[in-house]
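The structure under discussion appears below in the form of structure tokens.
Nothing in this text is a laboratory measurement; each read-out follows from the coordinates by a stated rule. Model, not experiment: these values are computed from the prediction. Counting neighbours? That spans all protein chains shown, and the Cβs are built from the backbone with ideal geometry, glycine included.
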Amino acid sequence: MNEFKTRDLKEGLNGYLNFKLIEWREGYAEISVKITDVHKNRQGGVHGGTMTTLIDATTGFCGIYEVNPDKRRGNVTISLNTNFIGRPKGETLICAAEVVKSGRRIYFSKAEVKDNLGNLIATGDAIYAYTDIDAQRK
């Protein structure tokens, strides 16, 4: 069994926002982010776009886990719904997502965002289509 090691997500928006993939296994993923000014709106709270992006990244990762990176599939978001529940009181956001159901072409996932103090901040549901991993890079 492979032991997962936390890693910084360096590509694209995930990299810009300093997301860290902290847990990843079949049907499950967790991503965290330490809240900085980059993540805030003009009122000083965490921007809804930050939380939505965190949910999108985490629900995306939970459906494409594969031990062998050469066999990993890509995905594209078909639908993403975010519900904002509360404001974080901690300094870090942690999103946990799991696959609800998957088929040959699509999968459904759900997520919760909490702060490091355990406060529920947001929830989300997403639908993804599987793609060739390099499809969007061409």
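Numbers below:
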| quantity | calculated |
| --- | --- |
| The lone exception for Tyr28 - which of (1) crowded, with 16+ Cβ neighbours inside 10 Å; (2) more than 22 Å from Asn81 (Cα to Cα); (3) out of contact with any Ser or Thr (no Cβ under 8 Å at 6 or more places or on another chain) it fails | (2) |
| Boolean, Ser79 is surrounded by fewer than 12 Cβ atoms within 10 Å (Cβ to Cβ) and within 21 Å of Gly124 (Cα to Cα) | yes |
| Wholly within region 79-138, strands (runs of 3 or more DSSP E) carrying at least 3 residues that are over 14 Å from Val33 (Cα atoms) and of a type in the set (Gly, Ala, Ser) | 120-131 |
| Selected residue (only one of Ser79, Ser109 is touching a helix residue (DSSP H, G or I) at 6+ places or on another chain (Cβ under 8 Å) and among the hydroxyl-bearing types (Ser, Thr, Tyr)) | Ser109 |
| Matching option when the condition is loosely packed, with under 13 Cβ neighbours inside 10 Å and not charged (D, E, K, R), among Thr59, Thr6 | Thr6 |
| Close pairs from region 116-128: first touching a residue at least 24 places away in the same chain (Cβ under 8 Å), partner buried (at least 17 other Cβ atoms within 10 Å of the Cβ) and part of a loop (DSSP other than H, G, I, E, B), Cβ under 6 Å, at least 6 apart | Ile121/Pro88; Tyr128/Gly63 |
| Matching residues, region 25-78, being in a loop (DSSP other than H, G, I, E, B) and either under 13 Å from Leu93 (Cβ atoms) or among the charged types (D, E, K, R) (or both) | Glu26, Ile35, Thr36, Arg42, Gly45, His47, Glu66, Arg72, Arg73 |
